[in-house]
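Have a look at the structure below, then the notes.
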């Protein structure tokens, strides 16, 4: 072989290899893992489907007797919207482009996100009576997909090893317990298929679920972002440094966990949420806040921002968003004291007044002092389901915990009025209301006596406070309290009538 022939052979080989690489890169039409067998599509609305293929490739989607077309853009991305469908199935979806993919056993029903941290992640296997729950879990029209925990600043497009699962005694043990009990209540009440998208991550901070550009543009979280920027710069410098010392190697190793973890701003938004953000849903349920309790005042702004960020990017308007208020936890105290967990609960309650189509399940009565993961997840799921059944499915039931409304000083006492109180009160265990504290101008709170008066009002007083100005209820990490709405059976929402600066004021 001459040098010229050898040169031509090498050139041809290189071009062939390059062509092979290019062909492999775009050999198939691709879909993210949220589109897999046994998925549930949201009824009554158009549902977005998206994927990748060769640039300019024509894509045809077929479901039932409907055909929809799309074209991949210059980067190979394409998206289409399936027409609105009524409850039913199973259907088959065929996606044909440079190749063809078929998704089987698709149901059309109701789809909800179940998200947050470990108490949402907590599985049926870890909750009360898992053996009994699994024996009865024969609900083939309830499906769930569990997403992995990936923290990154770069958007993850698909988690290919995660697929939809059909609820059965064999699979339900790995389902989010709150998500499952919520879904079961909705399914048994309405009869429609339910799909739950579980992307919860234990210990996660709220800021990790938010688009970083949104955090930056808001302007209220500059110190939070600046603190992370300093760590990120140090991490990058250590990563690039040659000949690191033993101490630097240890620092780099320690920092790697944080950079990939569940507290870095936008890490979960990119690493988990982006892979299915935009999938057709009815709404979201959320159980988080423990990791932000030390910055509860900041949460007043951070939490609503997260919800609005999700709503804006999902493109489905103000979809329902229901959350769980923090449960009772840690040791009980005999005397009134300040509490960061109480302030976080207050921030959660405030979000209902800031955001439309939102609601809160109060569980101040079903926590456990020694365990941040109380096993009673059935009642949590049911209390969330009450909101959805009443607001989305028009079921005439009580759904909202009673809330403080107004106060009036009455001599040496304060008379409190409440809203969302149907049928009056049912104090638990004893006849007298328990859990109230009262203070004068000195801002020192004392345990108070309370009496139910006409119209569901409550009069609060203490011999230690001659001229009262403020009342608090269930204001502690683990309060002793006993007030329930008689008609709803739901606990009174913890509250305070004062707005004195709390222990987390100013923390960023």
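Nothing in this text is a laboratory measurement; each read-out follows from the coordinates by a stated rule. For clarity, every value in this text was computed on a predicted model and none was experimentally measured. Cβ sites come from the backbone with ideal geometry, for glycine too, and all protein chains shown count toward neighbours.
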Global geometry of the range 352-493, whether rounded, prolate or oblate, following the gyration tensor of its Cα atoms and the 1.5 cut on a/c | prolate
Describe numerically, in nm with one decimal, the distance between label points set 7 Å from Cα along Cα→Cβ at residue 67 and at residue 237.
-> 6.2
Cα long-axis angle, helix 378-391 against the chain (0 to 90 degrees, to the nearest 10) | 80
In whole angstrom, how far apart do the alpha carbon centroids of the range 63-97 and the range 180-201 sit?
-> 25
Given only helices, namely DSSP H runs of n ≥ 4 each adding -39500 (n - 2.57), what is the per-residue ellipticity at 222 nm of the chain, to the nearest 500 deg cm²/dmol?
-> -8500 deg cm²/dmol
Point-to-point label distance, residue 132-residue 422, nm (Cα→Cβ direction, 7 Å offset) | 2.8
For the range 180-279, evaluate the Debye formula with one uniform point scatterer on each Cα (no solvent term) and list log10 I(q)/I(0) at q = 0.12, 0.16, 0.17, 0.18 Å⁻¹, rounded to two decimals.
-> -0.57, -0.82, -0.88, -0.93
Whole Å is fine, so just give me how far the alpha carbon centre of the range 202-268 lies from that of the range 383-406.
-> 39
Cα centroid of the range 285-310 to Cα centroid of the range 456-482, whole Å = 27
Can you tell me the 0 to 90 degree angle between the C-alpha axis of helix 296-314 and the longest principal axis of the chain, rounded to 10?
-> 40
Subtract the Cα-Cα distance of residue 81 and residue 368 from 0.36 nm times their separation in residues, and report this length gain in nm to one decimal.
-> 98.7 nm
Could you tell me which label, among (i) 25.4; (ii) 24.0; (iii) 26.3, carries the value of Kirkwood radius over Cα pairs in Å calculated for this structure?
-> (i)
Just rank 453, 251, fewest to most, by other beta-carbon atoms within 10 angstrom.
-> 453, 251
Grab the Cα-Cα distance for residue 486 and residue 318, subtract it from 0.36 nm times how many residues apart they are, and report the gain in nm with one decimal.
-> 57.3 nm
Crossing angle, helix 177-190 versus the chain [Cα axis fit, 0-90 degrees, rounded to tens] = 90
By the Cα gyration tensor axes a ≥ b ≥ c (a/c under 1.5 gives rounded; else a/b larger than b/c gives prolate, otherwise oblate), the shape of the range 259-391 is prolate
Over the range 395-460, what lengths in whole Å, largest first, do the semi-axes of the equivalent ellipsoid take, defined as the square roots of 5 times the eigenvalues of the alpha-carbon gyration tensor?
-> 24, 13, 11
Near-label residues of the range 279-300 by backbone N, under 16 Å of a point 7 Å along Cα→Cβ of residue 189 | 282-286
In this structure, the FRET efficiency calculated for residue 104 and residue 466 from their beta-carbon separation, with R0 = 56 Å, to the nearest 0.05, is 0.15
Which of 305, 273 has the fewest Cβ neighbours within 10 Å, and the rest in rising order | 305, 273
Mind ranking 97-105, 356-364, 193-201 by how tightly packed they are, going by the mean number of other C-beta atoms within 10 angstrom, highest first?
-> 193-201, 356-364, 97-105
